[in-house]
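What follows is one structure encoded as structure tokens, with my remarks underneath.
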Amino acid sequence: MVCVNRWSQTDCEEFVSKLTSKGINKDLAIRTYSARLLGSDPELVLHGGGNTSVKTYMKDIFGNDLSVICVKGSGWNLETIEPEGHPSVKLEPLLKLKNLISLSDEEMVSVQRQNLLNPNAPNPSVETLLHAFLPYKFVDHTHSVALLSLANQPNASEICKEIFGNRLVIVPYVMPGFDLALAANKYFLEAEDKSNKNNIPLEGMILLNHGLFTFGENAKESYDRMISIVQESEKVINRKIELDFSISNFENILDSTKIKILSYLRGLITQKSQKYGFHEKWIIDLRSSKKILDFLENENISDLSNRGVATPDHVIRTKAKPLVLDKVQSVQSEICLDSLEEWVTKSSNQLEKYIEDYLSYFDSNNLRVGNSKTQLDPLPRLILIPGIGLIGINHDKNSAKITSDIGEAWLETLLSAEEFGKFVPVHEKDTFDLEYWSLEQAKLGNKKKPRLKGNVVVITGAGGTIGSAIAKEFSREGAEIVSIDINFEKSNETANYCNSSALAIECDLTNEEDVDEAFKKIITQFGGIDILISNAGIAIRGDMKDIKKSELMKSLEINLFSHYYMAKKSVEVFSAQDFIAKTKKNYIGGQLLFNISKQSLNPGTGFGAYGISKTALLALMKQYAIEEGPNNVRSNCINADRIRSGLLNNEMIKSRSKKRGLSEEEYMSGNLLGKEVNSLDVARAFVSLSLMGKTTGTILTVDGGNVAAMPR
Ligand code: ZN
């Protein structure tokens, strides 16, 4: 059995007593417990899907009891829901809506908001009225994979009747909103009538092509019914993939030539996106379990993939159809460049065709609804490549992961449905109505996009003070972060300060093979790279007469060669991402940003090994600027000075200021502006440099002003 009953009376009581001791209504506390149980099972609910409610009484300002429904609010995930995730809405005014014939989505949202007890609460679910009209205290709603495999059969109604008898109400597909609430109510009343006559209690409701509702007089009854109906469904269908999203992608890391495909693919998507006027960068999330790879070998893959989504609200995350690409031809698992190039060219045509189909799908359906809709970008969200896997694409890693999770659930529903009979989901027109729902369209253009969203930024020496500040600042700007350090704990610490998809990698940058491995992980995780911040460094001290060759070599290895290895690999990725660009003017390119030092412009005694290597690094930066400029790769550096960090620690500050007869504060602010410069200033300078689209080969100085170190 894939779906199991996780109810624990002890856990429930403990959970409820914790919440009630904080003054939370007991019904709402139990509601929160069982909503989380449902939300924690990917078989039932994924990423904000599903919704739950409880009808109870709350006090108004005069102390009078008010009959309310606490129903899931938008923006909450059942898995992590808190009591405030079920905002309370006055029930009576909602019930009166049963008498109306029609109500627009906007009017429905407005009535629901007007009756919120807390006017600042999130919007109650769009399925609130359906919950409200059902005369049960607890109502649960999921998009169970097993149930959807049955509810997406051509004769789903008969099949469900045969399996569940008269215990479940069966409602044909209607788009969520007021019309669905009315239809569900009508079918419920009919079934209730029968149920009273036959004395068989109703346990729930199947919404064909959509999902499952259960209800009960207490939370456990409704939950138990949900699980047992799902288990009964599992008995008649043959499951293929057990949904488990906790497995790390690196457990099935691909070989390096296959990894290369991902950068080519990322470039291809970005190119097309730009061609159609959508300039976002894209992030990839790859799934390549054996079960997925087996499915992708299926001869019918293109027919199966074109059928549609397992439940309509998935369309917002995955679009109605995935893009299916060809297998890459390989000889003994090695892909030669010719066949790779052939594959990319063919994929480009297939993507073009997908886009054309999407545009005509939009045009014909938009005509049907009076040309009232704003077209969304025409790019796919799911890509299937035999031999490679299922790939979710989106504007950031977390959204790409959600897309892949839903993609896996769709695949599982489809396979189980096909095993049982035939997978026949809702019609294209219904999918369009959800994809272009007025409530979703209203959100368009409301969100301000972070400046570096979709950019993959790799930072070396990310465990140090400056590296960590850079990573955090780029994360704040919406970029995907790769935190690289020789010390894993430190790189992980930095990654933990960034957004949740940040990747920590331990890497000895002086070892080219280690660098290669790091790039494999980066590409597997994100699909490519946009900005390298080559920051790792070491300051070896000693006068030239004393310094050993080995020390100078060490300095060069860390301050020059490691940067060269990282830059070289980055440029390879940039070039793969731009393979499909027809002309150089369309190149996406990339950026190489180096952290040099005052030493390379204004050397000081005793820092020869440091200065020489940093001066060579400055030359490396210029060389890349010259050679890669025509490929839209910008190469720049930051000259930061006197920053508190691992290289200039408190002890050094103490001894240096003492030597110069200055206080520590005077020493640290000894510049033209008289202000101490810190790691955040450096981090912000890197962000600024990354946004200066027409600057290359430059040194940006961050030192508060120092005549001797001014570039001459
Ligand atoms: Zn639903």
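Do we have any residue at all in the stretch 102-109 that's within 16 Å of the ligand (Cβ to nearest atom) and touching a helix residue (DSSP H, G or I) at 6+ places or on another chain (Cβ under 9 Å)?
The answer is yes; a qualifying residue exists.
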>> Being under 22 Å from Asp433 (Cα atoms) and open to solvent by less than 40 Å² (accessible area, probe 1.4 Å) is the filter here; which residues of the stretch 350-364 pass it?
In response: Tyr354, Ile355, Tyr358, Tyr361, Phe362
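Mind checking whether some residue in the stretch 81-98 is part of a loop (DSSP other than H, G, I, E, B) and either over 30 Å from the mean Cα position of the chain (by Cα) or of a type in the set (Lys, Arg) (or both)?
The first filter runs over the stretch 81-98 and keeps only residues part of a loop (DSSP other than H, G, I, E, B), leaving 81-82, 86-87.
Narrowing the set further to residues that are either over 30 Å from the mean Cα position of the chain (by Cα) or of a type in the set (Lys, Arg) (or both) leaves none.
Scanning the stretch 81-98, I find no residue that is part of a loop (DSSP other than H, G, I, E, B) and either over 30 Å from the mean Cα position of the chain (by Cα) or of a type in the set (Lys, Arg) (or both), so the answer is no.
I need a count of the residues in the stretch 42-69 that are over 14 Å from Ala29 (Cα atoms) and in contact with a strand residue (DSSP E or B) (Cβ under 8 Å, 6 or more places away or on another chain).
In the first step, residues of the stretch 42-69 are kept if they are over 14 Å from Ala29 (Cα atoms); the result is 42-51, 59-68.
The next check asks that each one be in contact with a strand residue (DSSP E or B) (Cβ under 8 Å, 6 or more places away or on another chain); those that pass are 44-45, 49-51, 59-60, 65-68.
The number of residues fulfilling the criteria is 11.
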> If you go through the stretch 588-626 one residue at a time, how many are closer than 30 Å to Ala576 by Cβ and assigned to a loop (DSSP other than H, G, I, E, B)?
Replying inline: 3
>> So, in the stretch 196-229, exactly how many residues are open to solvent by less than 30 Å² (accessible area, probe 1.4 Å), within 10 Å of Leu168 (Cα to Cα) and out of contact with any Phe, Trp or Tyr (no Cβ under 9 Å at 6 or more places or on another chain)?
In response: 2
>> I need the full set of residues from the stretch 532-569 which are open to solvent by less than 10 Å² (accessible area, probe 1.4 Å) and out of contact with any Gly (no Cβ under 6 Å at 6 or more places or on another chain), in order please.
In response: Leu532, Ile533, Ser534, Ser555, Ser562, His563, Met566, Ala567
>> Filter the stretch 504-539 down to the residues that are among the acidic types (Asp, Glu) and either outside any helix (DSSP H, G or I) or without any contact (Cβ under 8 Å) to a residue 12 or more places away in the chain (or both) and list them by number.
In response: Glu506, Asp508, Glu513, Asp514, Glu517, Asp530
> Scanning the stretch 570-602 for residues that are of a type in the set (Ser, Thr, Tyr) and surrounded by 24 or more Cβ atoms within 10 Å (Cβ to Cβ), which turns out modelled with the lowest pLDDT?
Replying inline: Ser597
> Among the residues of the stretch 6-29, is any open to solvent by less than 10 Å² (accessible area, probe 1.4 Å) and either within 16 Å of the ligand (Cβ to nearest atom) or within 21 Å of Pro124 (Cα to Cα) (or both)?
Replying inline: yes
> Residues of the stretch 416-469 being assigned to a helix (DSSP H, G or I), farther than 30 Å from Ser690 by Cα and among the small types (Gly, Ala, Ser), which ones?
Replying inline: Ser416, Ala417, Ser438
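When only residues in the stretch 34-61 that are away from the ligand (no atom under 16 Å from the Cβ) and more than 22 Å from Leu95 (Cβ to Cβ) count, which is modelled with the lowest pLDDT?
Looking at the filtered set, the residue picked out is Ile61.
Against the definition (over 26 Å from Val309 (Cβ atoms), in contact (Cβ under 8 Å) with a residue 24 or more places away in the chain, of a type in the set (Gly, Ala, Ser) and more than 16 Å from the ligand (Cβ to nearest atom)), how does Ser88 come out, yes or no?
On the way: over 26 Å from Val309 (Cβ atoms): yes; in contact (Cβ under 8 Å) with a residue 24 or more places away in the chain: yes; of a type in the set (Gly, Ala, Ser): yes; more than 16 Å from the ligand (Cβ to nearest atom): yes.
So Ser88 passes the test.
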> (1) exposed (fewer than 12 other Cβ atoms within 10 Å of the Cβ); (2) in a loop (DSSP other than H, G, I, E, B): which one isn't true of Trp76, the others all being true?
Replying inline: (1)
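A quick yes/no check of all residues on (1) more than 16 Å from the ligand (Cβ to nearest atom); (2) among the aliphatic types (A, V, I, L, M); (3) surrounded by fewer than 23 Cβ atoms within 10 Å (Cβ to Cβ):
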site	(1), (2), (3)
Lys96	yes, no, yes
Asn99	yes, no, yes
Val111	yes, yes, yes
Pro119	yes, no, yes
Val126	no, yes, yes
His131	no, no, no
Val145	no, yes, no
> Just for the stretch 147-173: of the residues that are within 15 Å of the ligand (Cβ to nearest atom) and in a helix (DSSP H, G or I), which one is farthest from His86 (Cα to Cα)?
Replying inline: Ala151
>> Quick test of your reading of the structure: Gly608 fulfils all but one of (1) more than 19 Å from Ile558 (Cα to Cα); (2) surrounded by 19 or more Cβ atoms within 10 Å (Cβ to Cβ). Name the failing condition by number.
In response: (1)
> Mind checking which residues of the stretch 654-683 are touching a helix residue (DSSP H, G or I) at 6+ places or on another chain (Cβ under 6 Å) and under 25 Å from Ile533 (Cβ atoms)?
Replying inline: Glu676, Ser679, Leu680, Val682, Ala683
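Matching residues to (1) assigned to a helix (DSSP H, G or I); (2) open to solvent by less than 40 Å² (accessible area, probe 1.4 Å):
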site: Arg317; (1), (2): yes, no
site: Thr345; (1), (2): yes, no
site: Asn366; (1), (2): yes, yes
site: Ile393; (1), (2): no, yes
> For the stretch 187-217, which residues satisfy the criterion of being farther than 18 Å from His141 by Cα and among the acidic types (Asp, Glu)?
Replying inline: Glu190, Glu192, Asp193
> For the stretch 174-291, list the helices (runs of 4 or more DSSP H) that sit wholly inside it and hold at least 2 residues that are at pLDDT 80 or above and within 30 Å of Asn455 (Cα to Cα); which are they?
Replying inline: 256-275
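The values are calculated or read from the model by the stated rules, or taken from the named source; none is laboratory data. It should be emphasised that the depicted structure is a prediction, and the values quoted were computed from it without experimental measurement. When we count neighbours, we look across all protein chains shown, and the Cβ atoms used for this are built from the backbone with ideal geometry, even at glycine. Please note that ligands, DNA and RNA were not included when accessible areas were found on the heavy atoms of the full protein model with its side chains. Shrake-Rupley method; radii C 1.70, N 1.55, O 1.52, S 1.80 Å.
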